[in-house]
Amino acid sequence: QSALTQSRSVSGSPGQSVTISCTGTSSDVGGYNYVSWYQQHPGKAPKLMIYDVSKRPSGVPDRFSGSKSGNTASLTISGLQAEDEADYYCCSYAGSYTVVFGGGTKLTVL
Amino acid sequence: QVQLVQSGAEVKKPGASVKVSCMASGYTFTNYAMHWVRQAPGQRLEWLGWINVGNGNTKYSQKFQGKVTITRDTSASTAYMELSSLRSEDTAVYYCARWPTTSWYFDLWGRGTLVTVSS
């Protein structure tokens, strides 16, 4: 399986909104509503932010939202805060009980 | 406290094997499956495989088939990931991640185990 495609970096100022995209194929992102997003701060383990394309685990601020259109999933962070600066990874079910991760996007809060 | 506690950092020589453990606490171990994910320095997350903790069945990424072996000891609430024929490219942080099985996401992660392969 090839990694899902994410833009390498994105930036925004505090209070602004940013969107991170994740492009796959009809065999993964486009074929299932099983896209999840993870936030990873330097030296830390990933943290689940969004699952099943658009669901938020308890404790995750509603500034984080997810969506999907065709083979591309998106994570939108509104009202950017300094602590949102991190790497973000998408992940999708890829059939046959396998998953595939994206290449990761570095979010910089200016 | 619900957590996954991983074993400590390892330094191995090329050609050797390494076995990393992941002990679950605060929840019923057999109610979830366990996945393993690695991250080479400065690189992306890479999925290795998973184990059905209840029956021991496993599924591996095609890339790691024959290289990775995932096992578990239910009496110790611990999952293991063994990596063989180590090469320098296997230097990475290895994470265990809990899978609820009701959908496809990882809701709890270990803190990671750094495996360094160096002669």
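For the range B:63-100, residues that are under 10 Å from B:LEU48 (Cα atoms) and charged (D, E, K, R) total 2.
Could we say that A:SER36 is over 14 Å from the mean Cα position of the chain (by Cα) and within 13 Å of chain B (Cβ to nearest Cβ) here? Criteria not met by A:SER36.
Which condition does A:LYS106 not pass, out of (1) closer than 23 Å to B:PRO100 by Cβ; (2) part of a strand (DSSP E or B); (3) touching a residue at least 60 places away in the same chain (Cβ under 8 Å), if it passes all the others? So the condition that A:LYS106 fails would be (1). Between B:SER21, B:SER118, B:SER25, the distinction of being open to solvent by less than 40 Å² (accessible area, probe 1.4 Å) and over 12 Å from the mean Cα position of the chain (by Cα) belongs to B:SER25 only.
One residue stands out in the range A:44-63 among those that are more than 9 Å from chain B (Cβ to nearest Cβ) and either touching a residue at least 24 places away in the same chain (Cβ under 8 Å) or open to solvent by 20 Å² or more (accessible area, probe 1.4 Å) (or both): the one that is farthest from A:THR108 (Cα to Cα), namely A:SER58. Among strands (runs of 3 or more DSSP E) entirely within the range A:1-46, having at least 3 residues that are hydrophobic (A, V, I, L, M, F, W, C) singles out A:18-23.
The values are calculated or read from the model by the stated rules, or taken from the named source; none is laboratory data. Since this is a predicted model, take the numbers as computed values, not measurements. For neighbour counting, all protein chains shown are included, and Cβ atoms are generated from backbone atoms with ideal geometry for every residue, glycine included. Only protein heavy atoms, including side chains, enter the accessible area calculation; ligands, DNA and RNA are left aside. Shrake-Rupley method; radii C 1.70, N 1.55, O 1.52, S 1.80 Å.
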